[in-house]
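The values are calculated or read from the model by the stated rules, or taken from the named source; none is laboratory data. Since this is a predicted model, take the numbers as computed values, not measurements. Note that we place each Cβ from the backbone using ideal geometry, even for glycine, and neighbour counts take in every protein chain shown.
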Amino acid sequence: MQYNAFDDQYKGCENEMYSIALQLLQDEKKSNQILQSAWAEAQNMWHKEIKKKVSPLPSGFRDEYGIALLMYTGRDFYSDFNRALRTNGRSQNYYENNFHYKAVHFYLTRALQLLPKVSCTTQLYRGCKEKFTHQGTGPIRFGQFTSTSWNRSVSKNFGTGTFFTIQACLGVSISKFSYFANEEEVLIPVNEVFIVSAKKGNDAFNLTSTKTTFACFNCALLGCELRGKSLIFLFVCLLLLPELPMPLLLFRVYVCLCVCVCLCVCVQSVSFLLPHSTVNA
């Protein structure tokens, strides 16, 4: 399930995140030359050419979302970004200190949330140079923004080490937002969950959307997710043991608070919520 991926969906804090994302972006560009140059190039092309092609845009769709999408389709940015994305959700602290694409992640996530989705019956393809193995029978997710194409031949140009045939429900056609419109790209978000409906050895997998999502984080930069999970757990913990005598109440509170601290240290320990299944390189 790629539980270590950073998968924030920013539900309920979209405006707050947008208000701080611009400064975040400026800070992150200062320490990342690839991000700085890729953003500048995409920003120029967005205002000069792409924005006119994709208008009208959905209500609430901001320029930064389109620039982030355009930048993602370039050759220099997406690889490092997705590599960071797959590993920086291991803990709240790790994300805050080590994930240096916070603004871009927010912009991309919002773009895919606002743009129209492809039909769940649409056949998409993804070719990879890497060999993947599949273990288990439970659901999986890619744990990154995943590029696919309507065009099977185009996908095979990216590699035949492993080939995916995918039916996604949250994918967004972004060919009009792309440097390479001929690739007919459909981008799948981090949090969409699939089942392996068929496979041919370890060379080819058929993935079918479960029409569900899985995310461990929400509004993490604002601290909302950790507080929410901890307070809910504390409330439930205090109510689940009514048979204990009242003198043990303080001990019960102490134990629950200790567990809440553990949740704050490693919020994504909620992995037990779904059966395990993995697709690994």
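Return the residues of region 133-168 that are under 23 Å from residue 213 (Cβ atoms), outside any loop (DSSP other than H, G, I, E, B) and among the hydrophobic types (A, V, I, L, M, F, W, C); say none if nothing qualifies.
Within region 133-168, 140, 164, 166 qualify.
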Task: Residues located in region 90-139, provided they are of a type in the set (Val, Ile, Thr) and within 21 Å of residue 78 (Cα to Cα) - done: 104, 109
- [ ] Using the structure shown, decide if residue 205 is out of contact with any Asp or Glu (no Cβ under 6 Å at 6 or more places or on another chain), surrounded by 21 or more Cβ atoms within 10 Å (Cβ to Cβ), free of Cβ contacts under 8 Å to residues at least 60 places away in the same chain and of a type in the set (Phe, Trp, Tyr).
- [x] no
Task: Output for region 79-132, where each listed residue is of a type in the set (D, E, K, R) and outside any helix (DSSP H, G or I) - done: 90, 117, 126, 129, 130, 131
Task: region 115-154, subset within 17 Å of residue 204 (Cβ to Cβ) and among the aliphatic types (A, V, I, L, M), residue modelled with the lowest pLDDT - done: 140
Task: region 28-49 - residue that is surrounded by fewer than 21 Cβ atoms within 10 Å (Cβ to Cβ) and in contact (Cβ under 8 Å) with a residue 40 or more places away in the chain and, of those, farthest from residue 221 (Cα to Cα) - done: 45
Task: Pairs with Cβ under 6 Å, 6+ apart, first in region 170-183 and more than 13 Å from residue 148 (Cβ to Cβ), second in a helix (DSSP H, G or I) and not polar (S, T, N, Q) - done: 176/53; 176/54; 177/69; 177/70
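Residues are listed down the side, and each one gets a yes or a no for (1) modelled with pLDDT of 95 or more; (2) of a type in the set (Phe, Trp, Tyr); (3) over 17 Å from residue 122 (Cβ atoms):
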| position | (1), (2), (3) |
| --- | --- |
| 180 | yes, yes, yes |
| 188 | yes, no, no |
| 208 | yes, no, no |
| 214 | no, yes, yes |
Task: Single condition residue 5 does not satisfy, out of (1) of a type in the set (A, V, I, L, M, F, W, C); (2) closer than 16 Å to residue 108 by Cβ; (3) not in a loop (DSSP other than H, G, I, E, B) - done: (3)
Task: Pairs, first at pLDDT below 95 in region 3-27, second of a type in the set (Asp, Glu), C-beta under 6 Å, six or more apart - done: none
TODO: Go through (1) assigned to a loop (DSSP other than H, G, I, E, B); (2) modelled with pLDDT of 95 or more; (3) within 14 Å of the chain's Cα centre (by Cα) and name the single condition residue 59 misses.
DONE: (3)
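Suppose we filter 164, 158 for residues that are modelled with pLDDT of 90 or more, within 21 Å of residue 202 (Cα to Cα) and surrounded by fewer than 20 Cβ atoms within 10 Å (Cβ to Cβ); which single one remains?
158
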